[in-house]
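Nothing in this text is a laboratory measurement; each read-out follows from the coordinates by a stated rule. What you see is a predicted model; the values in this text were computed from it and never measured. Neighbour counts are summed over all protein chains in view; Cβ atoms, including those assigned to glycine, are modelled from backbone coordinates with ideal geometry.
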Amino acid sequence: MIKIFDGGLLDSNTYVYSTDTGHAMIIDFGVTADEVKKYVEMSGLAVEYLVLTHGHYDHINYIGDYQKAFPSARVLCHENEIELIRDPEGNLSLFFGLRNSYDIGYQLLKDGDTISLENSGGRVDFTVILAPGHTRGCMCLYNEDEKIMFTGDVLFANGYGRVDLKYASPSDMATSLRKLYTYEGVKIYPGHGGSAII
């Protein structure tokens, strides 16, 4: 099941994905933790992972609150994103009058790694897809069985993420989009806006 919390910082989305046995992960942290925690507790979910698609302010700002709310959950991001996370200009907090570093001890992922959650059939696997362009360490999470993908700010329903910011690359974005468009018939859940089928 996918629960969407929209209207976060810069209208960003936070997602709670849960299996039929109540194991869950939370993806991106632009929405305050209070509302999400209430949903998790009411639904009886066990949050195993806090997953960051990339390190921009509107997706990462409340990560510390989520870590306090779900202290047993592992915090995951791509290894290529750590430099940006530590850099107030790169993570864009500087543009909001802050000088925040969000390096709180991540489990670092690589392209092709798997995030697994237990379900009644055994497990649900999400494959990490490195998709640079918006940032160097932007990643998507793909589940082949359900044909769903969390795309962060790489791919939206009607466009793609900005490529004019620090650590961005238009050429890398073009390569990433070509790769993602090979996943035909997949429903995407982006960092902003509604879902769509690619």
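Things to note:
- HN-Hα J in Hz across the range 103-118 - Karplus 6.51, -1.76, 1.60, θ = phi - 60°, x for Gly and Pro: 7, 10, x, 8, 7, 8, 10, 10, 4, x, 5, 10, 10, 10, 10, 6
- Residue order, fewest to most beta carbons within 10 Å, for 87, 111: 111, 87
- Whole-Hz ³J(HN,Hα) from phi, Karplus 6.51 cos²θ - 1.76 cosθ + 1.60, for the range 31-43, glycine and proline x: 9, 4, 6, 4, 5, 5, 4, 4, 4, 4, 5, 5, 8
- GNM result for the chain, Cα springs below 10 Å: residue of 57, 181, 17 fluctuating most strongly: 181
- Lysine pairs in the chain whose alpha-carbon atoms fall under 22 angstrom of each other, counting only those eight or more residues apart or on distinct chains, come to 13.
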